[in-house]
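I have placed the structure first, in the form of structure tokens, so that the comments after it can refer back to it.
Derivation of every value follows stated rules applied to the coordinates shown; laboratory data play no part. The structure displayed is predicted, hence computed values, not measured ones. Glycine also receives a Cβ, built like all others from the backbone with ideal geometry; neighbour counts cover every protein chain displayed.
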Amino acid sequence: MEFITNVGKKMGSNLGQILTQVDAPNYMTWFVVPLIITFMMASYIGYRLLRNWDTITSCKAVKNGVDEEQDDGFEKGLEDGYDENGCRIVEFKPVYRFLVVIVVGTIVAASAASFAYRTGVYIKNPKIGLGVEAGRILKNFF
């Protein structure tokens, strides 16, 4: 444990020198542009996948031709809102479809943009990238 403490003290003493030598990548080039491009791509792909997604079928366990959730003796397929297999049809509103595309697109875009920015930091500052990766290895090793 003393080894780790000594390594931490040595790294902390040199931290001020390292921080003055950091050459940060351009934020527009390495974060904003990948964010916008990835968001547009993810939104387009999500729209294409979900554009015909109007209804969802929800099948419950069926016992003797009667839906277990209903205790009024309803037999499957005889009422509106159920298909021929006794599965309940649920409408999927376009607003929810739009929200799914926006939320998933934002998450994917933010992940890709942060990866791109980290890559930019590692490219412009290879010693920092090496230090970060060495720190991860030491953390997992001990």
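Among Ser111, Ser43, what is the fewest-to-most ranking by other Cβ atoms within 10 Å?
Starting with the residue having the fewest Cβ neighbours, the order is Ser111, Ser43.
Once the piece of chain linking Thr55 and Ile123 is laid out straight, how much longer is it, given 0.36 nm per residue of separation minus the C-alpha distance between them?
Details: separation 68, 0.36 × 68 = 24.48 nm, distance 4.73 nm.
Contour length minus Cα-Cα distance gives 19.7 nm.
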